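Structure record follows, encoded as structure tokens.
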Amino acid sequence: MGWLTALLALPLVGFVVLLAIPGRAAGAVRLWANAVLLGGLALAAPLWTAFDRGAGGYQFVERAAWIPSLGAQYLVGIDGISLLLVLLTALLGPVAALASWNAIAERVKEFYAMLLLLQFGMLGLFLSLDLLLFFVFFELVLVPMYFLIGIWGGERRLYAAMKFFLYTVAGSVVLLVGMVALYWQGGQQLGRATFELTELLRAQLPLETQRWLFWAFFVGFAIKVPMAPFHTWLPDAHTEAPTAGSVLLAGVLLKMGTYGFVRLSLPLFPEAAREAAPVLGVLSIAAILYGALICLAQQDWKRLVAYSSVSHMGFCTLGLAAMNSNGLAGSVLQQVNHGISTSLLFLLVGYVYERRHTRQIGDFGGLAMVMPRFAFVFAVAVFSSAGLPLLNGFIGEFTILQGAFVVNRAWAAAAVGGIVLGAAYLLWLYQRTMLGDLRNEANRELPDLTAREWATVLPLLGLAVAIGVYPQPWFAVLERPVLELAGRLGR
Amino acid sequence: MSMFLDTLWLIPVFPLLGAALMMLLGRHQYLDPQEQSGPAAHGHHHDGGHDQDLRPRQGLRWLIGPLCSGFVLLSFLWSLGAVLAGRREQVLFTWVAGLPFPAFDGRMVQLTADWGYLLDPVSAVMILMVTGIGFLIHVYSIAYMAHDGGLYRYFGCLNLFVFFMLVLVMANNYLLLFVGWEGVGLASYLLIGFYFKRKTATDAAMKAFLMNRVGDAGYLLGLLFLLSIFGTLRFTAIEAAAHPLLPWATGLLLLGAVGKSAQIPLFPWLPDAMEGPTPVSALMHAATMVTAGVYLVVRAEPLYRLTPEVGGVAAGLGAATAVAAALMALTQHDIKKVLAYSTVSQLGLMFLALGVGAYWAALFHVVTHAFFKAQLFLGAGSVIHALDGEQDMRRMGGLRRRMPQTFRTMVMGALALAGWPGLAGFFSKDSILTAVWAASPALFAAGLLTALLTAFYMGRLCLLVFWGEYRGGRHVHESSKRMTVPLWVLNLGSVGAGWFAAPFAGWLGASAEPHSLGIMAASGVVAVAGLGGAYRVYGGGAGHGWAEGEGGLARWLRAGCGVDGFYQLAVVRGMARGGGAWLAAWDRGVIDGGVDGAGWLGRRLGAISKWSDTWMVDGAVRLTAFSVKAASFPVRYLQSGMTQSYGVVIVLSLAAMAGWYLWRSA
């Protein structure tokens, strides 16, 4: 069994074993799930050093027959792009599990079972090099997330879970149709039916076909990102989900959409993608500004963070729309950055919610006085999200802006507006929650961050600073695949 | 000496170390409120942040101020050594290593920016100014902030500011400069909002950051233009050459400078920034940070020389800002606000100089202004400190005898700013006016008017604060030596710096235009006239001038000409409550309306199909079943499933067949 298969199998094995642990032993359940996810991180981390930055194509590839009659295989492997997202997933999994230690008191076993299943699905998606396998994981992820939101969520959890599920399924149905069509078209061209990505990349599809397929894929991925105007499932799902759900939803699940673009839509249908670039660009800018403006009107702390994701993911898709080296590299890097910053923000909102059981911004104010350490971490998270230089967000945004600028100067000019607005809603949030006098007596006795909470935020803080101060290694990993993709796109 | 050049990178490291130490360990010098017994022991005269609820430990708290000051002093000495040793460009590592892209001329270039420092005459001036004046203000702060809580936070942020300011002025490329640029913005945000319990303070902090962000947006776009035009962002690698898009680059960079240096229309944040502790106002919002915009343009001098039309915009904005802010300064009651608007006005003069191409003169004024404005702010701080936080000049007066040290240094600073012949401001202002005269008489008139107004409002300030009778009711005492000594040190610069105009220009590789006696005389006369005018109105000590009144014009000027109101309306109301709320409603109503509608439709359709399933489909099925059942009615009796009846049938059939067979064969 190869490295990637082990990495992928670990949460699944953990899931199966977990089912055997009696639900009454909540402590054992927690320990086991955390250990498994942490073990996954330990298993994934060395990939960073073992990965050969100079080599083209995919690495650590493993192949096994799956459904030979259909030409579908179990085929996994990584390049620089998926490496970053796999590592992000491997990190956020244990963070989310650790963050839920006290927050989840009911149906503990089911909760962690869902978390492990989710981890399996997320890793599987980023590892797959076979379209059918990709799709299976794309769908598989929905199930545990649906339950995470629907069972352990907030007040409107059922509405949110249903909306999340139906929205995404509606998208993936179209995606599936597109995939099947590609399978037929590609099969005819290549002379044999296959779902293998690298094989399908060899097919020379006529522009007309590419167009149909691109837009079919687009529906699936755009809903997942989500791009405006398909974004309204996001605020509900993010807000109602338990902290771990929000972290993984924002940190990883959204990236499945952008990853889908990078891994499938752009390389498979390059001509159609180039034709669609203006649409993508305009939608991205709309998302950036639209999301940011809506944030200014939010009264709910968590909902504000949720909407900020719309704006930030707009930057990621803007980089994709640029379709050139820096746009693409910036986009992937920004996906990681968003995973870090927004997870931090969601963790912190969650910790406050655990203490106060309210998310209304108006209920807070002056928290810096009672929770100075929390206020410090929150400040770093806010500035990382606002794209302050020397923190991670800036590098990604700047690279994306540069890529967009080369293609269309108006795009860059419009997107820069999002940076101004981003600082506005984030600092305003900070002022209303952390600063000022302690108006609400209920906040007076709030305890500061605990050691466990520190353990969840510290790795993210460290990464935020590390990427901001020394981003070179990240570009080094991305250089090969991004240049290859940009070349394919003719940019 | 070259040791200092080899270790150029250490200069910003010292204050960074201070900031890090404060962040990690500073708080441990305080007791948590829970541990406190009895009421807080120490008095506090400034509205404190949260830390005033904490009681300082007797431990190492005293060390915080001296330690952080020491780091800045080290920086100063180190940079002095380096500047004396020569020039150097030092690249530490590749900071941003992006991918290749096509520049405007089609060649592929790499998106890269080094973490590298450049020590040349321009940056040398700024480095020495930042660390030198920074050190003095650190020392002053030890006494000034002694009674405030959160000392570690104060000094940590102050050190952080010095670090970022040094990155700003030492950077060898535009992107790293932007790091410092944003970093000082962060430090400014943290320190304006130092007393974060006060909403006015946190509002001001946020306003400063956001208005600067508007400028930063311009800076970023300008940067992207530069990158595409020249293929590099490194100062020494850019080969300035005309390009049709160059005005966009310099124009957008100018927008950044306008934000940072509080020019029209992005100036209202600076007067509000006075919510921060006074030494912070002195260091950041007078002497150093706000001059970063001027520094940026001086740094990009070769590019601005190629785009005189952008220079024209800078000159126009500068002149308008200089006059308007001077008028606003005239009407303020708050001593710090007078100085703040005065800073805006003086920055306007610098922009005027930049606009007409007198880069060295602008930088020269940056330096002299840093001395006397820091001196004035620290003097004002000394007054405020002595009056337990009183900032309204209407409740001051007669402090001449009660605070002799503060009085003397502040009047010297005021005279230097007013342009009293022989003092620093006179020479630097004269250098600017000389250059402006050569460019445009109209702009010259604006400059001269500014000088007149400056002399007048400084005269007003001094007379209201130090002459006449004391109008407040407090026991006033002179501030401690630790506060007055820095004042005297700064005084050296305020008095003497002006005499070095020619060597200064030479050091920068520029040549100072010969002073014209006429312009010198005009500016001298104007200064004396302004002061004299102030004496006529305020010589009695009490405020009864037009500027004191509540007339419409005076009130309008005092409120910053309503620019704030405009932003309030357009940005806060328009965007947050208008646009954002409207879009949120759109999301809920229209998009989600559609989604929920689809869900509703789905459920309705489900109900219909349930009905049709029950009555139509299942009906059809049942009908079929019924028909079959009906049709099979006779047959069914044959298939009863009972063995006996089968037996009967078999026997009967066999009997019938046997009978038939027998009948046939018979």
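The values are calculated or read from the model by the stated rules, or taken from the named source; none is laboratory data. Owing to the predicted nature of the structure, the values given are computational and were not obtained by experimental measurement. So basically every Cβ, Gly included, is an ideal-geometry build from the backbone, and we count neighbours across all protein chains shown.
Things to note:
- When the range A:412-450 is filtered for residues that are modelled with pLDDT of 90 or more and either under 22 Å from A:Val336 (Cβ atoms) or charged (D, E, K, R) (or both), the ones remaining, listed by number, are A:Ala412, A:Ala415, A:Val416, A:Gly418, A:Ile419, A:Gly422, A:Ala423, A:Leu426, A:Arg432, A:Asp448.
- Output for the range B:467-493, where each listed residue is at pLDDT 90 or above and hydrophobic (A, V, I, L, M, F, W, C): B:Val485, B:Leu487, B:Trp488, B:Val489, B:Leu490, B:Leu492
- Helices (runs of 4 or more DSSP H) completely within the range B:583-666 that count 3 or more residues being free of Cβ contacts under 8 Å to residues at least 12 places away in the same chain, of a type in the set (Gly, Ala, Ser) and within 30 Å of A:Ile288 (Cβ to Cβ): B:592-612
- For the range A:422-433, a residue qualifies if it is polar (S, T, N, Q) and more than 9 Å from every other protein chain (Cβ to nearest Cβ), and exactly one does: A:Thr433.
- Among the candidates B:Leu605, B:Leu662, residue that is within 60 Å of the chain's Cα centre (by Cα), modelled with pLDDT of 80 or more and outside the structural domain of B:Leu210 (by TED's automatic domain parsing): B:Leu605
- When B:Gly318 is tested against (1) touching a residue at least 60 places away in the same chain (Cβ under 8 Å); (2) out of contact with any Pro (no Cβ under 9 Å at 6 or more places or on another chain), just one condition goes unmet, and that condition is (1).
- Residue within the range A:443-454 that is of a type outside the set (Phe, Trp, Tyr), in contact with a Pro (Cβ under 9 Å, 6 or more places away or on another chain) and more than 8 Å from chain B (Cβ to nearest Cβ) present: yes
- Failed condition for A:Pro481, given (1) surrounded by fewer than 24 Cβ atoms within 10 Å (Cβ to Cβ); (2) within 12 Å of another protein chain (Cβ to nearest Cβ): (1)
Here's the yes/no breakdown for (1) closer than 23 Å to B:Ala527 by Cβ; (2) out of contact with any Lys or Arg (no Cβ under 7 Å at 6 or more places or on another chain); (3) buried (at least 21 other Cβ atoms within 10 Å of the Cβ); (4) in the same structural domain as B:Gly498 (by TED's automatic domain parsing):
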site: B:Arg395; (1), (2), (3), (4): no, no, no, yes
site: B:Gly398; (1), (2), (3), (4): no, yes, no, yes
site: B:Gln405; (1), (2), (3), (4): no, yes, no, yes
site: B:Ala416; (1), (2), (3), (4): yes, yes, yes, yes
site: B:Pro421; (1), (2), (3), (4): yes, yes, no, yes
site: B:Phe426; (1), (2), (3), (4): yes, yes, yes, yes
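- B:Gly116 in contact (Cβ under 8 Å) with a residue 12 or more places away in the chain, in contact with a strand residue (DSSP E or B) (Cβ under 7 Å, 6 or more places away or on another chain) and under 28 Å from B:Ala286 (Cα atoms): yes
- Unique match (being part of a loop (DSSP other than H, G, I, E, B), at the interface with another protein chain (Cβ under 10 Å from one of its Cβ atoms), buried (at least 24 other Cβ atoms within 10 Å of the Cβ) and not charged (D, E, K, R)) among A:Gly387, A:Gly436, A:Gly403: A:Gly387
- Scanning the range B:203-256 for residues that are polar (S, T, N, Q) and closer than 20 Å to B:Phe101 by Cβ gives B:Ser228, B:Thr232.
- Considering the range A:187-242, and only residues there that are of a type outside the set (S, T, N, Q) and touching a Lys or Arg at 6+ places or on another chain (Cβ under 6 Å), the residue that is farthest from A:Leu345 (Cα to Cα) turns out to be A:Trp233.
- Residues of the range A:305-314 satisfying the condition of being within 17 Å of A:Gly387 (Cβ to Cβ) and within 13 Å of chain B (Cβ to nearest Cβ): A:Tyr307, A:Ser308, A:Val310, A:Ser311
- The range B:463-484 - residue that is within 30 Å of the chain's Cα centre (by Cα) and closer than 18 Å to B:Arg401 by Cα and, of those, surrounded by the most Cβ atoms within 10 Å (Cβ to Cβ): B:Met483
- Some residue of the range A:55-63 being of a type in the set (S, T, N, Q), outside any helix (DSSP H, G or I) and either surrounded by 13 or more Cβ atoms within 10 Å (Cβ to Cβ) or in contact (Cβ under 8 Å) with a residue 12 or more places away in the chain (or both): yes
Yes or no, residue by residue, for (1) of a type in the set (Val, Ile, Thr); (2) under 16 Å from the mean Cα position of the chain (by Cα):
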position: A:Gly77; (1), (2): no, no
position: A:Ile81; (1), (2): yes, yes
position: A:Thr89; (1), (2): yes, yes
position: A:Tyr112; (1), (2): no, no
position: A:Leu117; (1), (2): no, no
position: A:Phe120; (1), (2): no, yes
position: A:Phe138; (1), (2): no, yes
position: A:Val143; (1), (2): yes, no
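- Selection of the range A:379-414 for residues being of a type in the set (D, E, K, R), farther than 16 Å from B:Asp216 by Cβ and within 19 Å of the chain's Cα centre (by Cα) yields an empty set.
- Hey, B:Leu77 surrounded by fewer than 19 Cβ atoms within 10 Å (Cβ to Cβ) and in a helix (DSSP H, G or I) or not: yes
- The combined condition, being more than 9 Å from chain B (Cβ to nearest Cβ), assigned to a helix (DSSP H, G or I) and crowded, with 24+ Cβ neighbours inside 10 Å, is fulfilled by A:Phe378.
- Total residues in the range A:420-451, condition under 34 Å from the mean Cα position of the chain (by Cα) and charged (D, E, K, R): 2
Matching residues to (1) buried (at least 24 other Cβ atoms within 10 Å of the Cβ); (2) within 16 Å of the chain's Cα centre (by Cα); (3) aromatic (Phe, Trp, Tyr):
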residue: A:Leu264; (1), (2), (3): yes, no, no
residue: A:Leu283; (1), (2), (3): no, no, no
residue: A:Ala286; (1), (2), (3): no, no, no
residue: A:Cys295; (1), (2), (3): yes, no, no
residue: A:Leu304; (1), (2), (3): yes, no, no
residue: A:Val310; (1), (2), (3): yes, yes, no
residue: A:Thr317; (1), (2), (3): yes, yes, no
residue: A:Leu320; (1), (2), (3): yes, yes, no
residue: A:Ser325; (1), (2), (3): yes, no, no
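- So B:Ala386, is it surrounded by fewer than 24 Cβ atoms within 10 Å (Cβ to Cβ), farther than 18 Å from B:Arg460 by Cβ, aliphatic (A, V, I, L, M) and touching a residue at least 40 places away in the same chain (Cβ under 8 Å): yes
- Of A:Gly396, A:Gly366, all but one fail to be under 25 Å from B:Ala171 (Cβ atoms) and either among the hydrophobic types (A, V, I, L, M, F, W, C) or touching a residue at least 40 places away in the same chain (Cβ under 8 Å) (or both); the exception is A:Gly396.
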